[in-house]
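Student: Here it is: the structure, laid out below.
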Amino acid sequence: MNRKIIIGTRGSELALWQANYTKQRLEDKGYQAELKIISTSGDRSQQWETSFDKLEGKGFFTKELEEALLDKSIDLAVHSHKDLPTNMPDGLMVAGVSKREDPSELLLIRKEAVDENQKFNLKKNALVGTSSARRKSQLLAFRPDVELKDLRGNVPTRIKKLREGQYDAIMLAAAGVERLELDVDDLHVEKLNPEVFVPAPAQGVLAWQTREDDNELMEVIDEINDLDVLIKINIERQILNMFDGGCQLPLGVYCDADPDDEDRLKFKVWISIADDWNKQPKQLYFETLDTDGFTDMIVDHIRAIKPKKIFVTRTFNEHDYLPQALSRLDFDVEGKSLIEFKQIRIKQLPQTDWVFFSSKHAVRYFFNQKPELPAGIKFGCIGTSTSAELRAFGKRADFIGTSTDIKLVGKQFSSKVGNGRVLFPIARGSMQSIQWQMVKRDNVFNLEVYATLKHSIEVAEDKDILIFTSPSNVEAFFEKNKILPHQKIIAMGDATAKALSKLKIKNVSTPIAFDDLGLFQAVLAVSK
């Protein structure tokens with residue numbers, strides 16, 4: 001290709017970074033390129049303080065670039081892929097995409113607004129800046145106490161407004177902050193797991209848009225295109241398109257892929273979608289080895305979700321996410337533990353480097369006794385709910401096992417600990433699944449801190465979904481109840497699933513994560 005490639009870009013710092021990154025990629029392949037800056041209606045509207053909800057995702061940041069492509073004043077337009085409308089003008093196409101930068105959201109918090117005992121380490125009733133409907137819906141779902149205020153301007157401007165005290169915290173895409181290499185050391189940076197706080201479709205990816213008839217340039221773009229990323233974000237964008245939404249739709253979609261045990265590629269998709277920014281989002285997880293018809297299945301399933309009657313073998317606390325989220329979607333939720341706990345007094349603590357908790361009950365019955373621990377001791381746990389219980393006692397987990405595969409968590413923790421000595425506060429009769437994965441068995445110390453007593457009750461037969469949270473609850477349930485043909489069963493973890501399997505209970509679902517969000521996702525997966 002002999003001609004110089006004219007790259008069209010917006011004039012913001014981030015847009016220029018993206019365009020220069022593209023220019024460098026092309027020059028590395030031996031092609032000549034230059035930039036042409038084009039002002040868009042989105043840029044001008046931000047100067048006029050127009051609400052961001054009315055701008056993003058419907059072409060306000062791309063329209064003039066696309067017009068320049070069509071009139072051939074530029075050859076290539078560089079976009080943040082998430083800004084592109086799902087329906088492209090006739091004659092244009094996305095010829096390729098970049099590698100994916102970190103798709104996570106960042107919650108930037110002023111130091112005085114940090115509270116480590118609260119979710120996301122954000123103080124109660126904090127004022128948070130964001131104009132994204134998607135971010136609003138998810139943040140309010142997890143933290144209904146926060147106050148939201150619209151936030152506009154480019155990335156540095158938004159951070160400047162935070163530093164000036166106009167907000168306690170703001171939300172930004174991690175990719176933008178990292179690409180600009182911005183110094184935010186004066187702020188607390190909370191990076192949100194994209195599997196929990198779901199990003200926008202194609203977040204962190206650049207789209208390279210060309211004319212459909214420019215075959216010569218398309219061959220050039222093929223040389224820098226990331227095919228693996230393209231496959232994943234096509235799934236995300238197809239779902240966005242099927243819901244007929246731009247970024248003002250409270251929709252987050254994140255797709256990843258890993259090889260399974262047989263080296264087949266397993267696609268995993270996390271979704272958060274709400275009817276409006278101030279409504280509870282439906283949060284779901286799907287996986288498949290075959291992407292044919294995958295997005296149709298996902299969208300059909302979400303549209304078919306109906307409220308159900310649910311019984312959970314757990315007595316809820318006031319701020320538990322599961323009953324709140326389900327109730328906001330008009331589910332009828334009853335929670336009642338079928339077991340009771342009795343504290344076992346701690347007589348002596350061995351000297352260890354770590355304390356590992358398999359449940360929040362273990363945390364509670366351990367710290368309620370005010371044990372004297374050496375300075376610098378580290379804490380490990382399973383699941384975010386156990387981690388949250390640790391935070392309630394003023395402790396932070398140095399290791400959190402999030403997989404539902406207990407053996408995998410045990411191996412990960414063993415690798416983290418190395419030759420360290422570990423104390424395991426446990427229930428009497430615990431299966432000790434994590435302990436058996438520890439390489440240095442002589443460095444394992446079990447300490448019984450509570451006992452489990454069965455307290456069976458009769459559960460109403462009109463329940464559509466039964467959620468079992470422990471093997472002991474399974475045993476207690478079957479003392480006075482049985483599973484009915486219409487009931488769907490969810491087991492919290494492998495041990496609980498095995499307890500049901502021993503009783504010949506089939507078609508048991510397990511959540512992807514050991515927390516309320518994982519259970520919420522599992523409930524919506526069987527609620528249609």
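Since every read-out is calculated from the coordinates, none of them should be taken as a lab result. Keep in mind the model is a prediction, meaning the values are calculated, not measured. Methodologically, a virtual Cβ is constructed for each residue, glycine included, from the backbone with ideal geometry; neighbour enumeration extends over all protein chains shown.
Student: What size of dipole, in debye to the nearest 20, comes out for region 1-43 about its Cα centre when the only charges are +1 on Lys and Arg C-beta atoms and -1 on Asp and Glu C-beta atoms?
Tutor: That gives region 1-43 a dipole magnitude of about 200 debye.
Student: Measuring from label point to label point, each 7 Å out along Cα→Cβ, what is the residue 368 to residue 392 span in nm?
Tutor: Placing both labels 7 Å along Cα→Cβ, they lie 1.1 nm apart.
Student: How much FRET efficiency would the formula 1/(1 + (r/R0)^6) give for residue 150 and residue 16, where r is the Cβ-Cβ distance and R0 is 30 Å, rounded to 0.05?
Tutor: 0.75
Student: Amide H to amide H, which residues 5 or more places from residue 339 or on other chains are under 5 Å from it, using H placed in the peptide plane?
Tutor: 455
Student: Also, quick follow-up: What full-extension length gain, to one decimal in nm, is calculated for residue 184 and residue 509 as 0.36 nm per residue of separation minus the Cα-Cα distance?
Tutor: Between residue 184 and residue 509, full extension yields an extra 112.8 nm.
Student: Also, I was wondering about something else. Find which of 311, 141, 194 sits farthest along the positive direction of the dipole of the chain, computed with +1 on the beta-carbon of Lys and Arg, -1 on that of Asp and Glu, about the Cα centre.
Tutor: 311
Student: Only Lys, Arg, Asp and Glu count, each charged at its Cβ (+1, +1, -1, -1), so figure out the dipole size of the chain about its Cα centre, rounded to 20 debye.
Tutor: About 2440 debye.
Student: In whole Hz, what ³J(HN,Hα) sequence does region 172-188 give by Karplus (6.51, -1.76, 1.60; θ = phi - 60°), x for Gly and Pro?
Tutor: Per-residue couplings from phi come out as 9, 6, 4, 4, x, 5, 6, 5, 7, 6, 6, 7, 10, 5, 7, 10, 7 Hz.
Student: Hey, can you grab everything whose amide H is under 5 Å from the amide H of residue 448? Only 5+ residues off in sequence or another chain; H modelled, so Pro and N-termini drop out.
Tutor: Residues meeting the amide H criterion: 426.
Student: In whole angstrom, and with the biggest value first, how far do the Cα coordinates of region 340-453 range along each principal axis?
Tutor: Projected onto the principal axes, the Cα atoms of region 340-453 cover 31, 29, 25 Å.
Student: While we're looking at this one, here's another question. What distance in nm separates the two pseudo spin-label positions at residue 428 and residue 72, each 7 Å out from Cα along the beta-carbon direction?
Tutor: Label at residue 428, label at residue 72, 8.6 nm between them.
Student: When the chain is fully extended, how far beyond the present Cα-Cα distance does residue 494 get from residue 461, taking 0.36 nm per residue of separation?
Tutor: Full-extension gain reported as 9.3 nm.
Student: Return the Rg/Rh ratio of the chain with Cα-based radii and a Kirkwood Rh.
Tutor: 1.01
Student: Which net charge results for the neighbourhood of residue 381, defined as the other residues with beta-carbon distances under 13 angstrom from its beta-carbon, given Lys and Arg at +1 and Asp and Glu at -1?
Tutor: Result for the local shell: +4.
Student: Then there is this: Please turn the phi angles of region 103-120 into ³J(HN,Hα) values with the Karplus equation 6.51 cos²θ - 1.76 cosθ + 1.60 (θ = phi - 60°), one per residue in order, whole Hz, x for glycine and proline.
Tutor: Rounded to whole hertz, the list is x, 5, 8, 10, 9, 8, 10, 4, 3, 6, 9, 7, 9, 5, 8, 10, 4, 6.
Student: With charges set only on the Cβ (+1 for Lys and Arg, -1 for Asp and Glu), what does the dipole of region 340-453 come to about its Cα centre, in debye to the nearest 20?
Tutor: 80
Student: Any idea which of 362, 337, 348 is furthest toward the positive side of the dipole for region 297-362, if Lys and Arg beta-carbons carry +1 and Asp and Glu beta-carbons -1?
Tutor: Projecting each Cα onto the dipole axis, the largest value belongs to 348.
Student: In addition: Efficiency by 1/(1 + (r/R0)^6): what FRET value for residue 304 and residue 408, r their Cβ-Cβ distance, R0 = 22 Å, to the nearest 0.05?
Tutor: It comes to 0.10.
Student: Let me ask another. Using the Karplus equation 6.51 cos²θ - 1.76 cosθ + 1.60 (θ = phi - 60°), what ³J(HN,Hα) coupling, rounded to whole Hz, does each residue of region 250-265 give in order, writing x for Gly and Pro?
Tutor: These are the phi-based 3J(HN,Hα) values: x, 10, x, 9, 9, 10, 9, 8, 9, x, 8, 4, 9, 6, 8, 7 Hz.
Student: Looking only at region 63-103, which residues have a backbone nitrogen under 12 Å from a spot 7 Å from the Cα of residue 241 in the C-beta direction?
Tutor: From region 63-103, the list is 85-89, 93-94.
Student: Here's a follow-up. Once you put a point 7 Å from the Cα of residue 441 and another 7 Å from the Cα of residue 257, both along the Cβ direction, what distance in nm separates them?
Tutor: Roughly 4.2 nm, to one decimal.
Student: Once the piece of chain linking residue 213 and residue 27 is laid out straight, how much longer is it, given 0.36 nm per residue of separation minus the C-alpha distance between them?
Tutor: 64.7 nm
Student: If a helix is a whole DSSP H run, which ones in the chain reach 20 Å or further along their own axis (Cα) and hold a mean Kyte-Doolittle hydropathy of at least -0.5?
Tutor: 227-242
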